[in-house]
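Novice: Got a structure for you, questions after.
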Amino acid sequence: MNTPDSLATRWLERAKADHTIAFLLEALTNNKCPHSGLSSLVKNTTCGPDRAGGFAMNVPDNLITAANNKSKEDFGGTTTTTSKPTIVICQNNIYDYPDYIRTLSHELIHALDQCRAKTDWSNLRHHACSEIRASNLSGECGYGVELLRGNMKHRGGSIECVMRRAKLSVNSNPNSEGKGEEVVEEVFQKCYADLYPFMRHPGSN
Ligand SMILES: [Zn+2]
């Protein structure tokens, strides 16, 4: 898949009018995660396979591409009282505009968790919790999306999807030592119920 720069740039422009994205940006501001809008916050780039996006805190621009080629989904950086996030979208692994919005939402939830809860990505429980929230709240486990993946047989399958995707991500953490599954199960209930900053699940009508 080879999404041209011009198309990825158009998706980013279009995302500015998306209500969920605007709401998540506002939540970043409210949680001492300063940004100057989507254009400077988000970098569309080309990544290795199996990677949709990532984010970094306080990482100089010239180091972002190098960091993004690592296999880990989310890469670190240092956190201070006020932290500047950068979100990377792997345009070559994004299929269409809805996929772009879901990926951007996923990474915005991680950035938000980093600022509000000081997520420590080397701590598997922290990582698991943010992955559960990101998969649950980004829409990537919505009924239609799972149906397209051929994974969903019934509507309750969304929970299974969130759990499956969180386990995959946590297992890619260099500190996971194969414990991704058990850690996700341990924190699942609490983190699945945490809908912040939404008042109710963004996918519900
Ligand atoms: Zn993630």
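The values are calculated or read from the model by the stated rules, or taken from the named source; none is laboratory data. Note that this is a predicted model, so its numbers are computed, not measured. Note that we place each Cβ from the backbone using ideal geometry, even for glycine, and neighbour counts take in every protein chain shown. Side chains are part of the model used for accessible areas, which takes the heavy atoms of the whole protein and leaves out ligands, DNA and RNA. Shrake-Rupley method; radii C 1.70, N 1.55, O 1.52, S 1.80 Å.
Novice: Based on the Kirkwood radius over alpha-carbon pairs, what is the Stokes-Einstein translational diffusion coefficient of segment 112-205 at 4 °C with 1.567 mPa s viscosity, in µm²/s?
Specialist: Translational D for this selection: 96 µm²/s.
Novice: Once both labels are modelled 7 Å past Cα along the beta-carbon direction, what's the ASP5-LEU147 spacing in nm?
Specialist: Reported label-point gap for ASP5 and LEU147 is 3.8 nm.
Novice: Something else about it: What percent does the relative contact order of segment 122-177 come to when contacts are Cα pairs within less than 8 Å and at least six residues apart?
Specialist: Numbers: 42 pairs, mean separation 27.1, N = 56.
Once divided by the residue count of segment 122-177, the mean separation gives 48 percent.
Novice: If you put +1 on each Lys and Arg Cβ and -1 on each Asp and Glu Cβ, how big is the dipole of segment 120-205 around its Cα centre, in Debye rounded to 20?
Specialist: So the magnitude is around 320 debye.
Novice: Which entries in the list LYS32/LYS179; LYS118/LYS190; LYS43/LYS118; LYS118/LYS167; LYS32/LYS167; LYS118/LYS179 go over 27 Å, if you measure between the two C-alpha atoms of each?
Specialist: Where the Cα-Cα span goes over 27 Å, the pairs concerned are LYS32/LYS179; LYS32/LYS167.
Novice: Let me ask another. Between ASP96 and ARG125, how many nm apart are label points set 7 Å from Cα along the C-beta direction?
Specialist: 4.1
Novice: With every protein chain in place, what's the accessible area of THR20 (1.4 Å probe, Å², nearest 10)?
Specialist: Result for THR20: roughly 50 Å² accessible.
Novice: Starting from the 7 Å offset along Cα-to-Cβ, what nm value, one decimal, do you get for the label separation of LEU168 and ALA193?
Specialist: 2.8
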